[in-house]
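Chemist: Pasting a structure here, questions to come.
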Amino acid sequence: MSKTTEQLLTLLDSIQGSGSFATSGDKKFTPPGLHIEGLGEVGFPINDVQARAIIQLARQAHYGKGSKTLTDTAVRNSWEIDARQVSFKGGEWDGVLKKILKKVKEGLGIEKQPVTASLYKLLIYEKGGFFKTHKDSEKEPGMFGTLVIGLPSRHTGGVLRVRFGGREEAFDFSAMASEHRLPFAA
């Protein structure tokens, strides 16, 4: 590591703030009016029949490695639907997303910064699905993090682990999603 890089990391490490590198929470479930092209409106909680129908429209999820886009179920075993195939027609969903972003900004200690969320993918994990340890890549200019929102469905497992600077936070969405809540983590 170069001396300049070491100095920069030391400087960044010395910054004190009110937030954390990761945050989570949950909100009361408000139907998002989720529509998937080729399927129509999705009912909640998502049941096995709907999950199968969504997977029929999905493709095996891929991941980025350097400048390449790869598909390897030994690295990432899940299904994805592109954002252009997904829309939200629930009139209250924008308000729910704003409330989630407010909590995220508080948790990360960036209350005064303007933050927006852009849908990148709708993901669905079957029993045994996973995504090995990885670093998310920048999907659009200015992206500084990832927001994950779980939609109500009965399931177990699926813990999201976020690591930074030798620390780890684990977020288990299963209890909240199974109780018809909207769990989120950033």
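The values are calculated or read from the model by the stated rules, or taken from the named source; none is laboratory data. On a predicted model such as this, the values are computed, not experimentally measured, just so you know. Don't worry about glycine lacking a Cβ; one is built from the backbone with ideal geometry, like all the others, and counts go over all protein chains shown. For accessibility, only protein heavy atoms count, side chains too; no ligands or nucleic acids. Shrake-Rupley method; radii C 1.70, N 1.55, O 1.52, S 1.80 Å.
Chemist: Solvent-accessible area per residue for region 22-165 at a 1.4 Å probe radius, Å²?
Modeler: Heavy-atom SASA per residue in region 22-165 reads 66 Å².
Chemist: Using alpha-carbon positions, what is the distance between the centroids of region 119-160 and region 55-117, in Å?
Modeler: Value for the Cα centre distance between the two parts: 7 Å.
Chemist: Please determine, in degrees from 0 to 90 and to the nearest 10, the orientation of helix 3-14 with respect to the longest principal axis defined by the Cα atoms of the chain, where the helix direction is its Cα long axis.
Modeler: So the inclination is approximately 70 degrees.
Chemist: Next question. Using a 1.4 angstrom probe on heavy atoms only, work out the carbon and sulfur share of the accessible area of region 4-142 in %.
Modeler: Taking all protein chains in place, region 4-142 shows 51 percent carbon and sulfur surface.
Chemist: I've got another one for you. To test your reading of the geometry: what angle, between 0 and 90 degrees and rounded to tens, separates the Cα axis of helix 93-108 from the longest principal axis of the chain?
Modeler: Approximately 30 degrees, to the nearest 10.
Chemist: Taking a ≥ b ≥ c as the square roots of the eigenvalues of the Cα gyration tensor of region 89-186, is the shape rounded (a/c under 1.5), prolate (a/b larger than b/c) or oblate?
Modeler: Oblate, because a/c is 1.5 or more while a/b does not exceed b/c.
Chemist: Follow-up question, since we're still on this one. With Cβ to Cβ distances under 12 Å as the rule, what net charge do the other residues near GLU92 carry (K, R +1; D, E -1)?
Modeler: Result for the neighbourhood of GLU92: +4.
Chemist: Work out Dmax and Rg for region 1-141 from the C-alpha atoms and quote the Rg first, both in angstrom.
Modeler: Just the Cα atoms of region 1-141 yield Rg and Dmax of 18.7, 57 Å.
Chemist: Hey, rough spin-label estimate for ARG52 and LYS3, points 7 angstrom out along Cα→Cβ, what's it come to in nanometres?
Modeler: Calculated label separation equals 6.6 nm.
Chemist: Where nothing but the Cβ of Lys and Arg (+1) and of Asp and Glu (-1) is charged, how large is the charge dipole of region 58-131 around its Cα centre, in debye to the nearest 20?
Modeler: 120 debye
Chemist: So what's the back-of-envelope 222 nm ellipticity for the chain, counting only DSSP H runs of four-plus at -39500 (n - 2.57) apiece and dividing by all residues, rounded to 500?
Modeler: That calculation yields -7000 deg cm²/dmol at 222 nm.
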